[in-house]
Amino acid sequence: MFRISQLLKHLTNDQPLAPKKSMSGPVVIWNLIRRCNLHCQHCYSTSLDIDFKDELTTEQIKATIDDLKVAQVPVLIFSGGEPLLRPDIFEISAYAKAKGFYVALSTNGTLINKDNIEQIKAANYQYVGISIDGLEEFHDHFRRQKGSFKTSMAAIKLCKQAGIKVGMRLCLTKDNFTDLPAMLDLMDEYQVDKFYLSHLNYSGRGKRSAENDAMFNMTKQAMILLFERAWQHIGQGRDSDFVTGNNDADGAFLLQWATEKFASTHPARLAKLVQSLINWGGNSSGINVANIDNTGTIHPDTYWWEHAIGNVKTDKFSDIWQNTQDPLMLGFRQKPRPVKGRCSRCQYLAICGGNTRTRAFAQTGDVWAEDPGCYLSDQEIGLVTNTKNTIPVVELN
């Protein structure tokens, strides 16, 4: 996850950068259930409104939570499918909270209503992310359910009224790009705490929709819009959070944006941002992020559902994560990663980490091929010199 607001705050002061902290264990995104009441076009888990076989029982989930504590996992994000379709969702949440985890809920929002909002509040989630993929016409079409936009926006309002930290989650495509400014205005209107923009990743149902990926120029425009809005909120003293996911080129592009604005006036602050980006390091599949699916299978992240490294029914997550000899996992943990093509020659490899690998694998069959979803030009990543409007070359030590 790329934390725009957090990084931009480094440009507001001259305080020295705090030492880099290593995570104790990975953030675990846990698809507790595959069933979903929607049938979204971009679904990576290819969920349906049916019961799926071999899903984890409540007791198996609790046993796994115990082991995740052993693995020093700090954060659990309960997802689906639609996690609120699990009858035991609040029992599971209470168990995880009692163990001291930061617990977040990722939902489409259509099942949040006046009948269960008090239960959701009592669950004491640190964050509830609700998917809003455009304005009403596009959202209902994309989510394949008429009325889902109004229902999900009502859920956001209910969460805010209940004092629950809530976020809007949007998957960017070329078809909802024009809705983005109005979506950010809705964020302001509803006083939403967090805005998460997900770049389309080619896996699950999203793989079949690769032709709908936002054009590179549109992606840049969308990112600039997020940068500007995040910077505006910081200037206003508003405690909001803008983040993105699934395209780690965002780090290099933020540096380009910041360089144009601050290189001449605040070079020391810009240098601090560069170091912060290096400390972030880009894609963290198999390192600082992990996925457990509804059947208990462990994956490097949510977009590698076709690649299993173990199963919590028969294996300890703590053992698998620490001791795996899986070739893909070893490649993820190699530094620098063994990427090829443009990625191997990019001057910002230390910032983006070679980006997400699923797009390269989906289009070429080679995990380490250059990322076809990188929206930066050869000039911008330093492969062509003496070209205007490129990201400046900096020493990335």
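The values are calculated or read from the model by the stated rules, or taken from the named source; none is laboratory data. No experiment lies behind these values; they were computed from the predicted model shown. For neighbour counting, all protein chains shown are included, and Cβ atoms are generated from backbone atoms with ideal geometry for every residue, glycine included. Quick note on the areas: whole protein, heavy atoms, side chains included, nothing else; ligands and nucleic acids left out. Shrake-Rupley method; radii C 1.70, N 1.55, O 1.52, S 1.80 Å.
What percent antiparallel are the DSSP beta bridges of the chain, to the nearest 5?
In the chain, approximately 15 percent of DSSP beta bridges are antiparallel ones.
Measuring from label point to label point, each 7 Å out along Cα→Cβ, what is the Glu136 to Leu330 span in nm?
5.6
What accessible area per residue comes out for the chain, rounded to a whole number of Å², with a 1.4 Å probe?
Result: 43 Å² per residue.
How much length is gained if the chain between Thr178 and Asp366 is pulled fully straight, taking 0.36 nm per residue apart and subtracting their Cα-Cα distance, in nm to one decimal?
Contour length minus Cα-Cα distance gives 64.3 nm.
Report, to the nearest whole %, how much of the accessible area of the stretch 143-300 belongs to carbon and sulfur atoms, 1.4 Å probe, protein only.
Summing carbon and sulfur atoms, their accessible area is 49 percent of the total for the stretch 143-300.
At 1.002 mPa s and 20 °C, plugging the Kirkwood radius over alpha-carbon pairs of the stretch 40-188 into Stokes-Einstein gives what diffusion coefficient in µm²/s?
D = 130 µm²/s.
Ordering Glu380, Glu136 from largest to smallest accessible area (1.4 angstrom probe), what's the sequence?
Result of the area sort, largest leading: Glu136, Glu380.
So, in Å, what gap is there between the alpha-carbon centers of the stretch 126-164 and the stretch 226-241?
With the stretch 126-164 and the stretch 226-241 each reduced to a Cα centre, they are spaced 22 Å.
May I ask you to rank Arg345, Arg143 by accessible area, largest first, using a 1.4 Å probe over the protein chains only?
Arg345, Arg143
If N is the number of residues in the stretch 192-325, what value comes out of its Cα radius of gyration divided by 2.2 N^0.38 Å?
1.30
Percent of Cα-Cα pairs more than 11 Å apart in the stretch 49-89, please.
73
What's the long-distance tail for the stretch 304-380, i.e. % of Cα pairs beyond 18 Å?
In whole percent, the long-distance tail amounts to 47.
Which residue, chosen from Leu273, Val312, Cys171, occupies the Cα position most advanced towards the positive end of the dipole of the chain, where the dipole is computed from +1 (Lys, Arg) and -1 (Asp, Glu) charges on Cβ about the Cα centre?
Going by the charge dipole, the pick is Leu273.
Got a number for the accessible area of Met1? Probe 1.4 Å, square angstrom, nearest 10.
90
Would you calculate the separation in nanometres between label points at Asn279 and Ala94, each defined as 7 Å from the Cα along the Cα-to-beta-carbon direction?
3.9
Measure of size requested: the Rg and Dmax of the stretch 292-336, with Cα atoms as the atom set and Å as the unit; please supply both.
Looking at the stretch 292-336, its Cα Rg and Dmax stand at 10.4, 33 Å.
Rule-of-thumb check for the stretch 246-397: C-alpha Rg over 2.2 N^0.38 Å?
That works out to 1.17 for the stretch 246-397.
List the pairs from Lys53/Lys335; Lys114/Lys174; Lys150/Lys174 whose alpha-carbon separation is above 31 Å, in the order I gave them.
Listed pairs above 31 Å: Lys53/Lys335; Lys114/Lys174.
Is any helix in the chain, taking whole DSSP H runs, at least 18 angstrom long along its axis by alpha carbon and on average at least -0.5 on the Kyte-Doolittle scale, and which ones?
58-70, 148-161, 216-236, 249-262, 267-280
For the chain, what does the helix formula give at 222 nm: sum of -39500 (n - 2.57) over DSSP H segments with n ≥ 4, over the residue count, nearest 500 deg cm²/dmol?
Calculated at 222 nm, the ellipticity per residue is -11000 deg cm²/dmol.
To the nearest 0.05, how large is the calculated FRET efficiency for Arg345 and Asp315 if R₀ is 35 Å and r is the Cβ-Cβ distance?
The computed FRET efficiency comes out at 0.35.
Place a point 7 Å from the Cα of Asp239 along the Cα-to-Cβ direction; which residues of the stretch 187-201 have their backbone N under 17 Å from it?
Taking a point 7 Å out along Cα→Cβ of Asp239, the residues of the stretch 187-201 whose backbone N falls under 17 Å are 191-195.
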